[in-house]
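**Q** Dropping a structure here in structure tokens format, bear with me for questions.
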Amino acid sequence: MKDSIKLSANQLPIQGTLRVPGDKSISHRSIMFGAMAQGRTTVSGFLLGDDCLSTISCFQKLGVDIQVNDTNVIINSDGMDKWIEPIEILDTGNSGTTTRLMLGILAGSDVHAVLVGDESIAKRPMKRVIEPLRQMGAQISGRSGGQFTPLAIQGTALTAIDYTMPVASAQVKSAILLAGLRAQGVTTVREMEVTRDHTERMLSKFGAVISSENRVIKLQGGQQLTGTHVEVPGDISSAAFFLVAGAIAKESRIRLEHVGLNPTRTGILDVLNLMGAKMEVEMNDSIDDEPIGSVTINSSVLKGIEIGGDLIPRLIDEIPIIALLATQAHGTTVIKDAEELKVKETDRISAVVDELKKLGADIEGTNDGMIIRGPVTLSGGQLQSYGDHRIGMMAAIASVIATQPIEIEQASCISVSYPNFFEHLHIMSSSGTLR
């Protein structure tokens, strides 16, 4: 069966109230930390996306009892020392988070395991994780000297390191910290730029003592996590697509409820504000030390801006949809300092530029980002997702303002982070409400 979907150019308002699925980053970590902990961990609001299900599968192969009932998950674990050596290869699917964080977790375990992912994961750089882990004593081998999957890990005793991050990567930081839990001494990670801090917050939630000050994170080795309850807020990276839809579609108004508003993730809100979007943010109580709230957005007259520097790590996953947003802004938008886009699920700089050009966008790629001039009227056509969920969703949101139908190839990739995306888009285009 052909893996494509065709969206009509209805150019209707996007209206209603929506609760997007659970945060992918937090969902991953809830399973990982629950499996490492002693005792029972319960999770509510879990994201049933393919990426997070890959994480569950990996830990089940390590002998961890994990039960899934819709968006509720129960993890019963006796801790890492009771894991069994997996007979099967641990398949991380399309998930970079699963692959990189598992390397850190398994490095200090008592088991031998082999990690492999899909074709996209096989191209993504693992050296940035392998190098600091090897400095800690990790025994990891793989293709091209361990730069790419498949990767074999023989768990062993680790020694803490003091590591300065050469790139802004929450995945690398998290892998080092999770290895640090089993290392002798104090593991220190120094960030040049702030990255998402879900790992630090959740380690505290599971009982670990960890400090973070002035971009320096310290963790004493030998700590044991204890099972707890995790409530997962809505994913702001998923919400970003509907926020942009509400801003660019005529006569639209969308309210997104129970969205995670962690300040290391809210760069998309800063961009919308700087562009002049009509938006209201209501902060509610925190859950598990993760700020949550509601965001309401209306059709807006937007202006071009420059996006770069320390803002980039706070919106790196949202840049594809920000590029679409910029096509409807008056003036020029410049996105820079975003070289990291080249090593995502695909080269997102080239992918975004190529696909938006097919629709008539005035956009050009640069070595570290892109330049977009607007506003322009977008046509339709056949777009390629490249198997990248963010590119696929960007193409789908373009259909709300396109003058002709848009067909998206490899549309099923969207399920890795937002399984019911097209259902939600259809209902909101029909002035519906989903809570």
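**Q** To test your reading of the geometry: what angle, between 0 and 90 degrees and rounded to tens, separates the Cα axis of helix 96-107 from the longest principal axis of the chain?
**A** It is inclined by approximately 10 degrees.
**Q** Assign one of three labels to the range 1-145, namely rounded, prolate or oblate, based on the Cα gyration tensor with a ≥ b ≥ c the square roots of its eigenvalues; rounded applies when a/c is under 1.5, prolate when it is not and a/b is larger than b/c, and oblate otherwise.
**A** Note, shape of the range 1-145 comes out oblate.
**Q** I would also like to ask the following. Relative to the longest principal Cα axis of the chain, at what angle does helix 170-180 sit, 0 to 90 degrees, rounded to 10?
**A** Relative to the chain, helix 170-180 is tipped by roughly 10 degrees.
**Q** Next up: What shape does the range 314-388 have by the C-alpha gyration tensor, where a ≥ b ≥ c are the square roots of the eigenvalues, rounded means a/c under 1.5, and otherwise prolate means a/b greater than b/c and oblate the rest?
**A** It is oblate, given that a/c is not under 1.5 and a/b is not larger than b/c.
**Q** Using 0.36 nm per residue of separation minus the Cα-Cα distance, give me the extension gain between Ile74 and Lys357 in nm, one decimal.
**A** So the extension gain works out to 97.3 nm.
**Q** Quick query: amide H of Asp362 versus all other amide H atoms, modeled in the peptide plane; which residues come in under 5 Å with a sequence gap of 5 or more or a different chain?
**A** Counting only residues 5 or more places away or on other chains, the set is Arg373.
**Q** For the chain, what is the mean residue ellipticity at 222 nm derived from helices alone (per DSSP H run of n ≥ 4: -39500 (n - 2.57); sum divided by total residues; nearest 500 deg cm²/dmol)?
**A** -9000 deg cm²/dmol
**Q** I need the shape label for the range 165-209. Rule: rounded when a/c is under 1.5, else prolate if a/b > b/c, else oblate, with a, b, c from the alpha carbon gyration tensor.
**A** oblate
**Q** Would you kindly state how much longer the chain becomes between Ser204 and Gln60 on full extension, computed as 0.36 nm times their sequence separation minus their alpha carbon distance, in nm to one decimal?
**A** 49.4 nm
**Q** Whole angstrom only: what separates the Cα centroid of the range 89-132 from the Cα centroid of the range 374-399?
**A** 30 Å
**Q** Another question about this same structure. Whole number please: convex hull volume per residue, Cα atoms of the chain, in Å³.
**A** 124 Å³
**Q** Okay, moving on. Given the options Gly180, Gly331, Gly246, state which has the largest fluctuation in a GNM of the chain using a 10 Å cut-off (strictly under) for Cα springs.
**A** Checking each option, the largest mean-square fluctuation is seen for Gly331.
**Q** Ratio of the range 24-231's C-alpha Rg to 2.2 N^0.38 Å, to two decimals?
**A** 0.92
**Q** Could you work out how far the C-alpha centroid of the range 20-45 sits from that of the range 244-294, in angstrom?
**A** 23 Å
Computed from the coordinates by the stated procedures, all read-outs in this text should not be read as laboratory data. Since the structure is predicted, the reported quantities are computational estimates derived from the model, not experimental observations.
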